[in-house]
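Working notes, beginning with the structure itself.
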Amino acid sequence: MRTNVFIRYVVPFAGMFFAMVAVTIVIDYVLHSMGLVSIGRYLGPIGTVMIIASFVYSARKRGIIREGSPKKLLMLHEYMAWAGSVMILVHAGIHFNAKLPWIATVLLLITVASGLVGKFLLKKASLTVSEHRRDLLATGVPPEEAEKQLFLDLVAVDAMKRWRVVHMPIAMLLAVFSLMHIVSIWMFTK
């Protein structure tokens, strides 16, 4: 059972994160080997726009916009943020000449990781509670009693749904450092 949980929840999380890093390395290697390193400079702004556009999901969720399926917009958010992050990581490359871009890059990695952790942990917790409820009802426990027995699990799942309390401030910090990076580029380049 433990192996099944590992394969079902940890592997997809780790796979998405390490795939992002691997794709970044491959793209960066290809650009370097073809003498097209300068393309990376343009991927940063494109990736930033993709990530900003992915927040249409957040706008829909908060009722700012009314169009679109929340489930489809969440998938769009995940894929656009992932692809945008790859572009920004290629843009960042491995340069040791400035601290601000490195801070923004580290925050980007933390933001992506926190988003993936939230997604997979919440899914796992919700499935576990559903399975426990089903097992209780199958053994003849009345629905009201099953809900009482599941109370702490339901409270924990509800608390996990609030993982955005961690994810959103990290994303806002990323936005601040990214904006500082962009402003510094405009100020100090001719």
TODO: Work out the length of the dipole vector of the chain about its Cα centre, built from +1 on the beta-carbon of each Lys and Arg and -1 on the beta-carbon of each Asp and Glu, and round it to the nearest 20 debye.
DONE: 340
Open item on the list: For the chain, what does the helix formula give at 222 nm: sum of -39500 (n - 2.57) over DSSP H segments with n ≥ 4, over the residue count, nearest 500 deg cm²/dmol?
Closed with: -27500 deg cm²/dmol
- [ ] Kindly express, to the nearest 10 degrees and within the range 0 to 90, the angle between helix 39-54's C-alpha long axis and the longest C-alpha principal axis of the chain.
- [x] 30
- [ ] Let me know the charge dipole size of the range 1-94 about its Cα centre in debye, to the nearest 20, where only the beta-carbon of Lys, Arg (+1) and Asp, Glu (-1) is charged.
- [x] 500
- [ ] Among Thr139, Leu173, Ser184, flag the residue with its Cα farthest along the positive direction of the charge dipole of the range 98-190, charges on Cβ as +1 for Lys/Arg and -1 for Asp/Glu.
- [x] Ser184
Open item on the list: Using only the alpha-carbon atoms, how far is helix 11-33 inclined from the longest principal axis of the chain? Give it as 0 to 90 degrees, nearest 10.
Closed with: 10
TODO: May I ask which residue of Leu107, Ser38, Tyr79 lies farthest towards the positive end of the charge dipole of the chain, with charges of +1 (Lys, Arg) and -1 (Asp, Glu) on Cβ and the Cα centre as origin?
DONE: Ser38
TODO: Could I have the simple spin-label model distance between Ala175 and Lys148, label points 7 Å from Cα toward Cβ, reported in nm to one decimal?
DONE: 4.6
Open item on the list: Starting from the 7 Å offset along Cα-to-Cβ, what nm value, one decimal, do you get for the label separation of Trp186 and Val155?
Closed with: 4.9
Task: Positive dipole terminus of the chain, leading residue within Ile65, Val26, Ser54 (C-beta point charges) - done: Ile65
TODO: Identify the chymotrypsin sites (Phe, Trp or Tyr not before Pro) of the range 55-105 meeting these criteria: DSSP loop state and at most 12 other C-beta atoms within 10 Å of the C-beta.
DONE: Phe96
TODO: Kindly express, to the nearest 10 degrees and within the range 0 to 90, the angle between helix 70-92's C-alpha long axis and the longest C-alpha principal axis of the chain.
DONE: 30
Open item on the list: Computed from the coordinates I sent, Cα Rg over 2.2 N^0.38 Å equals one of (1) 1.28; (2) 1.06; (3) 0.97. Tell me the label.
Closed with: (1)
Task: Net charge, His181 excluded, C-beta distance under 14 Å - Lys, Arg +1, Asp, Glu -1 - done: +2
Task: Three-way shape call for the range 1-94 based on the alpha-carbon gyration tensor, with the a/c threshold at 1.5 - done: oblate
Open item on the list: So if each residue of separation counts as 0.36 nm, and I subtract the Cα-Cα distance between Val26 and Thr139, what length gain in nm does that give?
Closed with: 35.4 nm
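None of the figures in this text is laboratory data; all of them are computed from the coordinates on show. Computed from a predicted model, the values in this text were never measured in an experiment. Because the Cβ atoms are built from the backbone with ideal geometry, glycine has one as well, and the counts that use them run over all protein chains shown.
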